[in-house]
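Heads up, the thing below is written out as structure tokens.
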Amino acid sequence: MSLLLKKIQSYKENVFQNHESHYQSLKSGQEPHTLLVTCSDSRICPQEFSQTQGGELFIIRNAGNLIPPYDPAHPSNEALTLEYGISVLGIPEIVVCGHASCGAMGGLKDLEHIKSLPLVHKALENYRQTHAAEVEGQSLEELISWNVTTQLKALFTYPFVREGLQNGSLKVFGMVYDFTTAEVTFNTQLNETGECSQ
Ligand SMILES: [Zn+2]
């Protein structure tokens, strides 16, 4: 039996009764208030640190909390998840949440260190080449917040994101969360012209 299945069984037996009516009420659909883009890192527990329940967060996770720029001929999984969340569910805010000690950003800073991982190396090398002048000489902390801002600018390439920002139905924020202290160490907002301000 998988370790996860054991944990689910224990949850069903010991915890679920406290949440059953909440989940029954969600049977007919979801109305999440936030589309969260965050890193796959296991130390980031969004429902825990934001004290949210099932039905509140619609989440895209990948290494480095990355959003590929709009490319309708080759839609990424992130793109179709964004489209569904904004255009179908009508989620009123997107938050890109980077985090302290991000391994993906560590790899972006020091590509030599990840040479043994051909897929990670290639992806981060491409990312670095696209933004060479901005990445050069930045500390890990600077890179982590720069990366969040860069994803907000990538979000702005999606027509339905721009439209939502311009008609006021959508707000887009970026932040960096430090899981060792529960502090938000960087906070920014994307405006309707594609600029970020703190
Ligand atoms: Zn990370």
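The values are calculated or read from the model by the stated rules, or taken from the named source; none is laboratory data. Remember, predicted model here, so these are calculated numbers, not experimental data. Methodologically, a virtual Cβ is constructed for each residue, glycine included, from the backbone with ideal geometry; neighbour enumeration extends over all protein chains shown.
Test of understanding: among SER42, SER87, SER50, which residue is more than 17 Å from LEU152 (Cβ to Cβ), in the same structural domain as THR157 (by TED's automatic domain parsing) and within 16 Å of the ligand (Cβ to nearest atom)? Can you show your working first?
On the way: SER87 fails: within 16 Å of the ligand (Cβ to nearest atom); SER50 fails: within 16 Å of the ligand (Cβ to nearest atom).
On inspection, the qualifying residue turns out to be SER42.
Does ALA132 count as closer than 21 Å to THR38 by Cβ and small (Gly, Ala, Ser)? For ALA132, the condition - closer than 21 Å to THR38 by Cβ and small (Gly, Ala, Ser) - is not met.
Quick check, is ASN14 out of contact with any strand residue (DSSP E or B) (no Cβ under 7 Å at 6 or more places or on another chain) and either of a type in the set (Lys, Arg) or within 16 Å of the ligand (Cβ to nearest atom) (or both)? So ASN14 does not fit the description; no. Residues to consider are VAL135, VAL161; find the one that is under 14 Å from GLN189 (Cα atoms) and out of contact with any Ser or Thr (no Cβ under 7 Å at 6 or more places or on another chain). Going through VAL135, VAL161 in turn, just one is under 14 Å from GLN189 (Cα atoms) and out of contact with any Ser or Thr (no Cβ under 7 Å at 6 or more places or on another chain): VAL161. Each residue in region 53-78 was checked for being of a type in the set (S, T, N, Q), surrounded by fewer than 18 Cβ atoms within 10 Å (Cβ to Cβ) and either farther than 21 Å from GLY90 by Cα or within 14 Å of the ligand (Cβ to nearest atom) (or both), and 1 pass. Only a single item in (1) surrounded by fewer than 16 Cβ atoms within 10 Å (Cβ to Cβ); (2) within 13 Å of the ligand (Cβ to nearest atom) is not met by CYS102, and it is number (1).
All of GLU31, GLU83 fail the test of being acidic (Asp, Glu) and closer than 25 Å to ASN126 by Cβ, apart from GLU83.
Restricting the first member to region 34-59 and to residues that are at positive phi, and the second to residues that are surrounded by fewer than 20 Cβ atoms within 10 Å (Cβ to Cβ), the beta-carbon pairs closer than 9 Å and six or more apart or on different chains are GLY55/HIS22; GLY55/TYR23; GLY55/SER25; GLY55/LEU26; GLY55/GLN30; GLY55/GLU31; GLY55/PRO32.
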